[in-house]
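Have a look at the structure below, then the notes.
The values are calculated or read from the model by the stated rules, or taken from the named source; none is laboratory data. Quick caveat: nothing in here was measured; it's all calculated off a predicted structure. Here Cβ is always computed from backbone atoms with ideal geometry, including for glycine, and neighbour counts include all displayed protein chains. Heads up: the accessible areas ignore ligands, DNA and RNA and are worked out on the full protein's heavy atoms, side chains in. Shrake-Rupley method; radii C 1.70, N 1.55, O 1.52, S 1.80 Å.
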Amino acid sequence: ERLFEEAGRKFAEALRLKPDKHEAFNNWGVALLYQAKSKAGEEADRLFGEAGRKFAEALRLKPDSHEALNNWGLALSGQAKTKTGEEAERLFEEAGRKFAEVLRQKLDSHEALNNWGSALSDQAKMKAGEEANRLFEEAGRKFAEALRLKPDSHEALNNWGVALSDQAKTRAGEEAERLFEEAGRKFAEALRLK
């Protein structure tokens, strides 16, 4: 906690010296995101919101900052995982819009595709039946596209394996077996790369 507070003071001082330093706002947002993940309830919500405001300020200063958009998407999907129902849905959808905007600005952002795939997979875990299946499949398309752009992305392979494993847990019989085997292939390929 003390180190997060000290980091905040350093970012604030950097911005006092150079008020248009968009990187400081982005990095401060990332620190707040990590701090929020270590909290629960209202305190986590406050920190997620503060992180979002830092990313928004970074984007005000540099509207094409795909890093800030990507990080904002991560913050929104992280917060969505702490919610249920309509609030979780709204946050996941907002995260998806941030990732889509990254890709509008930077067509080859395998990072945004990987993060979007993970967010969709997390959203799918909150659903059941065909809606869950649809989201898991959409996540798989994002991971596949990330790997098309960066074939050696062990992160995308690992995250895809996790998504397939989670999807398999929602199925039974041969379909579950097929999904677990496919997940194993993704993990094996990730380990071959790293």
Could you pull out every one of the aspartates and glutamates with an alpha carbon less than 16 Å from that of Lys39, ignoring same-chain neighbours closer than 8 positions?
-> Glu1, Glu5, Glu50
With θ set to phi - 60° and the Karplus curve 6.51 cos²θ - 1.76 cosθ + 1.60, what are the ³J(HN,Hα) couplings of segment 32-49 in order, to the nearest whole Hz, using x for Gly and Pro?
-> 5, 4, 5, 5, 4, 5, 8, 10, 9, x, 4, 5, 5, 4, 4, 6, 4, x
Computed over the chain: relative contact order in percent, which uses C-alpha pairs under 8 Å that are six or more apart = 12
222 nm mean residue ellipticity, helices alone, for the chain (DSSP H n ≥ 4; -39,500 (n - 2.57); rounded to 500) = -28000 deg cm²/dmol
Label segment 17-122 by shape, choosing from rounded, prolate and oblate, from the square roots a ≥ b ≥ c of the eigenvalues of the Cα gyration tensor; if a/c is under 1.5 it is rounded, and otherwise prolate applies when a/b is larger than b/c, oblate when it is not.
-> oblate
Considering only Cα-Cα distances, which of the following residue pairs are longer than 31 Å: Lys62/Lys127; Lys54/Lys186; Lys81/Lys194; Lys37/Lys194?
-> Lys62/Lys127; Lys54/Lys186
Net charge contributed by nearby residues that have their C-beta within less than 12 Å of Ala36 (K/R +1, D/E -1) | +1
Would you mind telling me the share, in percent, of accessible area of the chain contributed by carbon and sulfur at probe 1.4 angstrom?
-> 52
Please calculate how many Å² of accessible area the chain carries per residue, with a 1.4 Å probe and no DNA, RNA or ligand atoms counted.
-> 54
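How much length, in nm to one decimal, is gained on full extension between Thr84 and Glu5, taken as 0.36 nm per residue of separation minus their Cα-Cα distance?
Result for the pair: 25.5 nm of gain on full extension.
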